[in-house]
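Heads up: the structure comes next, in structure tokens.
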Amino acid sequence: MKKTTTSLKLPKIFLSVLAFGLMFALPVMSQDTYQEPSQDLIDLVDGARTPSVSFSPDRNTLLIQDVPALPSIAELAQPELRLAGIRINPNTNGPSRSGYVIGFTLRDMSNGEDRTVSGLPDDPVMTNISWAPDGSHFAFLLNTENSLDLWVVDVSSASARKLTSGGVNNTYYGSPYSWDRDSGSLIVKMVPENRGDTPEKSMIPTGPVIQESLGEARPARTYQDLLQDSHDEDLFDYYFTSQLAEVALDGTRMNLGVPTIYRSVSLSPDGQFILVNNTERPYSYRVPAFRFPQNIYVMDREGSLVHQFAELPLADRVPIAFSATTEGPRSVSWRNDAPSTLSWVEALDNGDPAVDVPFRDRVYTLDAPFEADPTQHIDLEYRYSGLQWSEDGFALVTEFWRSDRHQRVWKINPNNPSEEVDLIIDRSTEDRYDDPGSPEMKRSEYGTWVLNTVNDGTSLLMTGIGSTPEGNRPFLSEFNLETKESTELWRSESPYYEQVVTLLEEDGSKIITRRESVDEQPNFYVRNTDSGSLEQITFFEHPTPQLKDVYKEFIQYEREDGVSLSATLYLPPNYDKDSDGQLPVLVWAYPREFRSADAAGQIADSPHRFAGMSYWGPHFALTQGFAVVENATMPIVGEGDANPNDTFVEQLILSAEAVLDELEERGVGDRNRAAVGGHSYGAFMTANLLAHSRIFRAGIARSGAYNRTLTPFGFQAEPRNYWNASHIYLSMSPFMQADGIKDPILFLHGAEDNNSGTFPMQSERMYAAVSGLGGTARLVMLPEESHGYRSRESVLHMLYEQSEWINRYVKNAAEISSK
């Protein structure tokens, strides 16, 4: 029997008039010093970091990379420029916010011997790690205060050395360097020599900034960090322009072509040509750099123009609908199984999914010397979404349609386009139980990635997460291209969750897996799929031994309308239901949209995953004596002609009530002392639940968006704009229902959030609305932080705020009520 009452509040008519301009006056703000939570949570943040790993292309060497502790706020406060949706550090000519590693260990896969890489400077900060195709070296960028240096490590000697003293430009899209096919040199984007001083901004305006629309629709999502004026344009040119250069392993350098803004650079499989994509003017103040005009061409290895491929205009007229795309050539790349053949796709519907046409995309190729007419390969009814090449005379082309989640995979003969194409996969991507997996890849004779075929090219090796009604059970299978049937070669078995990382043998007889259980930390193993033998190759220890006795259970339950739900339940160490009774509860979730109730109810997790504790999610509440529900499914279903968001709030409430019903039935959770929380769209969910119901005592809303009129051209999976569905935008906006929030809500937001739609202003205005209407709310703006919080100071303060909030308003709610 339910003990909660709910109500769905519809927006008042006058709100639609005020929606774009309504703002309450913010109360006086104060800046506090960073606070720290309990020692248990400090230990959770400062605990050991599990290293990251990568395998050499020949699988002979395992590279173990040491991961540092969280950076300080001083590190995040380094200089930063924000240009056309990209954030850079002008001192280093690199990204301003990137993860890094601090040490390398090489493990010989044949004998297990470890060697620490020597020759590194003290306290190195290393990014952009990339193996040479033959596995003899790997390269990385050493980040200093004022530059990015290119280094290489010789695997045979386990020694590192510098190739360039500064000068690498890693400000723009794509990798800052790539290996030559022979592993003897690298193609590097360098800061142009003698580029001069940074453009200075005049203190005296030369005129207004003007934008003009001449009657043609130019919709755009809500982007941040866009160009603002001509000075920003000059800075864009200055920092993003690079000189392409070939740098040999002995450090010698040869410039290629002229300085320009390189969007991407790609060597042909035979290494004879370079495919270049440049960004060019005119720029835009409405869309990010990835929409700017492009110039695509082919150079030879000396940097001379061989073929002018395409000049693409500013892409500011792309419809906002899902499955919309740009006009002209896109996905331009090399055919991986041929020496030097270009491949690409072009829209046949002008990129507009609203246009009624029999086919929407066409795939083309063009062989060197790029003088003949392009070859047409296949016309697609849906939108192109991928192409994979094989050395066995075929390729796989994938198409997808977002509105109904329909995916098809076609087998084509690229050497004989007149041969009839063969449909090999036809499915809904929502149906996890029907997923045949993804093809495994191998290195071609050129060092490129191609399909890993077996049985003389008649079958593919496939891997997947293996969703089943009992939970995910990853697998390796053999997919017959003629019969379209799969034969299972190996599958993860209870009580472990084990997934394929890579193949050691191309026939799949020996694989590397990552294996874990509820109480065993993930580690890597070599598995023989024929004999079943298993050899452990890493021995990473439990990262949070102080919480190793936490109870973890994967739970399944149903909401009132019959949709199946699931979640992961955690209980504090040493909890005893009989003696401790029902615990206060924290539910953490993130809503997702589905086109069918059956798909929404499918299991998307495993009961055998490691009970890893993270400072980022809801696990902090375990140290405060709470029952924690993580990844509580909140499906938003729209079947037939209905859109999922048509009943967004109603379905949220059903899912929230269902999870508390389940905890109450189990006798572990006190539904009268329950909180809800989430990040980003999970914060949006949290505010909506508090605005439309009294199910929860309090909420934690991190980095969310609450007024959907501020994202009028779509948000999340909503395909309609505000003017097409104003009632949806208004009824889904908790800002419009702020007077319904009667329970305490904590807002946290990175003050420099650059995620599309989640402007910091969203939390500021939402807090102003709740506080202005007499609600209980707290707003915490974290300096220097973006959409996710990275600095140690910010993370500790976040945990302090969250712990204080749930203890005061949930755990001790009865004490507050009695006062």
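The values are calculated or read from the model by the stated rules, or taken from the named source; none is laboratory data. Nothing here was measured: the structure is a model prediction, and the numbers come from that model. Here the Cβ positions follow ideal geometry from the backbone for every residue, glycine too, while neighbour counts run over all protein chains shown. Please note that ligands, DNA and RNA were not included when accessible areas were found on the heavy atoms of the full protein model with its side chains. Shrake-Rupley method; radii C 1.70, N 1.55, O 1.52, S 1.80 Å.
Descriptive notes on the structure:
- If only residues of the range 350-373 that are touching a residue at least 12 places away in the same chain (Cβ under 8 Å), part of a loop (DSSP other than H, G, I, E, B) and over 20 Å from Arg301 (Cα atoms) are counted, the one that is least open to solvent (accessible area, probe 1.4 Å) is Gly351.
- Of all residues in the range 125-147, those satisfying the criterion of being part of a loop (DSSP other than H, G, I, E, B) and either surrounded by fewer than 22 Cβ atoms within 10 Å (Cβ to Cβ) or under 25 Å from the mean Cα position of the chain (by Cα) (or both) are Val125, Pro133, Asp134, Gly135, Ser136, Thr144, Glu145, Asn146, Ser147.
- Within the range 475-521, strands (runs of 3 or more DSSP E) holding 3 or more residues that are within 16 Å of Arg609 (Cβ to Cβ) and touching a Phe, Trp or Tyr at 6+ places or on another chain (Cβ under 6 Å): 510-517
- Flag if Gly667 is open to solvent by less than 40 Å² (accessible area, probe 1.4 Å) and not hydrophobic (A, V, I, L, M, F, W, C): yes
- Filtered residues of the range 527-546 (kept if open to solvent by less than 20 Å² (accessible area, probe 1.4 Å) and not in a loop (DSSP other than H, G, I, E, B)): none
- Close pairs from the range 639-652: first charged (D, E, K, R), partner open to solvent by less than 40 Å² (accessible area, probe 1.4 Å) and assigned to a loop (DSSP other than H, G, I, E, B), Cβ under 7 Å, at least 6 apart: Glu639/Ser596; Asp646/Gly638
- Pairing residues of the range 505-526 that are more than 21 Å from Val454 (Cα to Cα) with residues that are open to solvent by 40 Å² or more (accessible area, probe 1.4 Å) and among the hydroxyl-bearing types (Ser, Thr, Tyr), at Cβ distances under 8 Å and at least 6 apart in sequence or on separate chains, gives Arg515/Tyr496; Glu516/Tyr496; Ser517/Tyr496; Glu520/Tyr496; Gln521/Thr50; Pro522/Thr50.
- Scan the range 693-750 for residues that are farther than 28 Å from Leu660 by Cα, among the polar types (S, T, N, Q), assigned to a loop (DSSP other than H, G, I, E, B) and in contact (Cβ under 8 Å) with a residue 60 or more places away in the chain and the total you get is 2.
- In the range 104-124, the residues that are open to solvent by 10 Å² or more (accessible area, probe 1.4 Å) and part of a strand (DSSP E or B): Thr105, Arg107, Asp108, Asp114, Arg115, Thr116, Ser118
- Residue match in the range 778-798 (condition: acidic (Asp, Glu), assigned to a helix (DSSP H, G or I) and open to solvent by less than 20 Å² (accessible area, probe 1.4 Å)): no
- You will find that of Arg697, Arg702, the residue that is under 29 Å from Ile806 (Cα atoms) and open to solvent by 20 Å² or more (accessible area, probe 1.4 Å) is Arg697 and no other.
- Residue ID - farthest from the chain's Cα centre (by Cα), chosen from residues in the range 435-460 that are more than 12 Å from Ser390 (Cβ to Cβ) and not in a loop (DSSP other than H, G, I, E, B): Arg443
- Residue match in the range 803-811 (condition: out of contact with any Gly (no Cβ under 9 Å at 6 or more places or on another chain), outside any helix (DSSP H, G or I) and either touching a residue at least 24 places away in the same chain (Cβ under 8 Å) or farther than 22 Å from Ile42 by Cβ (or both)): no
- Boolean, Glu657 is assigned to a helix (DSSP H, G or I), surrounded by fewer than 19 Cβ atoms within 10 Å (Cβ to Cβ) and modelled with pLDDT of 95 or more: no
- Residue that is farthest from the chain's Cα centre (by Cα) [pool: residues in the range 409-434 that are open to solvent by less than 30 Å² (accessible area, probe 1.4 Å) and closer than 22 Å to Gly508 by Cβ]: Ile424
- Pick from the range 257-287, criterion farther than 17 Å from Lys189 by Cα and aromatic (Phe, Trp, Tyr), ranking: least open to solvent (accessible area, probe 1.4 Å): Tyr283
- Of all residues in the range 139-153, none that is free of Cβ contacts under 8 Å to residues at least 24 places away in the same chain and of a type in the set (S, T, N, Q) has its Cβ atom under 8 Å from the Cβ atom of a residue that is outside any strand (DSSP E or B) and surrounded by fewer than 22 Cβ atoms within 10 Å (Cβ to Cβ), 6 or more apart or on another chain.
- Listed conditions (1) within 24 Å of Glu346 (Cβ to Cβ); (2) surrounded by 16 or more Cβ atoms within 10 Å (Cβ to Cβ); (3) out of contact with any Gly (no Cβ under 9 Å at 6 or more places or on another chain) are all met by Gln308, apart from (2).
- Only residues that are open to solvent by less than 30 Å² (accessible area, probe 1.4 Å) and either within 29 Å of Asn807 (Cβ to Cβ) or under 19 Å from the mean Cα position of the chain (by Cα) (or both) were counted across the range 594-623, and they come to 10.
- Residues satisfying the criterion are absent from the range 560-574 (criterion: within 28 Å of the chain's Cα centre (by Cα), open to solvent by 20 Å² or more (accessible area, probe 1.4 Å) and closer than 26 Å to Arg702 by Cβ).
- Matching residues, the range 47-79, being open to solvent by 50 Å² or more (accessible area, probe 1.4 Å), free of Cβ contacts under 8 Å to residues at least 40 places away in the same chain and either within 24 Å of the chain's Cα centre (by Cα) or closer than 30 Å to Arg107 by Cβ (or both): Asp66, Val67
- Take the conditions (1) touching a Gly at 6+ places or on another chain (Cβ under 9 Å); (2) open to solvent by 60 Å² or more (accessible area, probe 1.4 Å); Ala217 misses just one of them, which is (1).
- Leading residue by the ranking (farthest from Arg59 (Cα to Cα)) among those in the range 148-164 that are part of a loop (DSSP other than H, G, I, E, B) and at pLDDT 95 or above: Leu163
- Which numbered condition Ile465 fails, given (1) under 26 Å from Gly640 (Cβ atoms); (2) open to solvent by 50 Å² or more (accessible area, probe 1.4 Å); (3) of a type in the set (Val, Ile, Thr): (1)
- Test result for Arg609, charged (D, E, K, R), in contact (Cβ under 8 Å) with a residue 12 or more places away in the chain and closer than 25 Å to Ala48 by Cα: yes
- Taking residues in the range 455-468 that are in contact (Cβ under 8 Å) with a residue 40 or more places away in the chain, and partners anywhere that are of a type in the set (Asp, Glu) and part of a strand (DSSP E or B), the pairs with Cβ atoms closer than 7 Å and at least 6 places apart or on different chains are Leu461/Glu478.
- The set of residues from the range 624-648 being open to solvent by less than 10 Å² (accessible area, probe 1.4 Å) and of a type in the set (Val, Ile, Thr) comprises Val628, Val629, Ile636.
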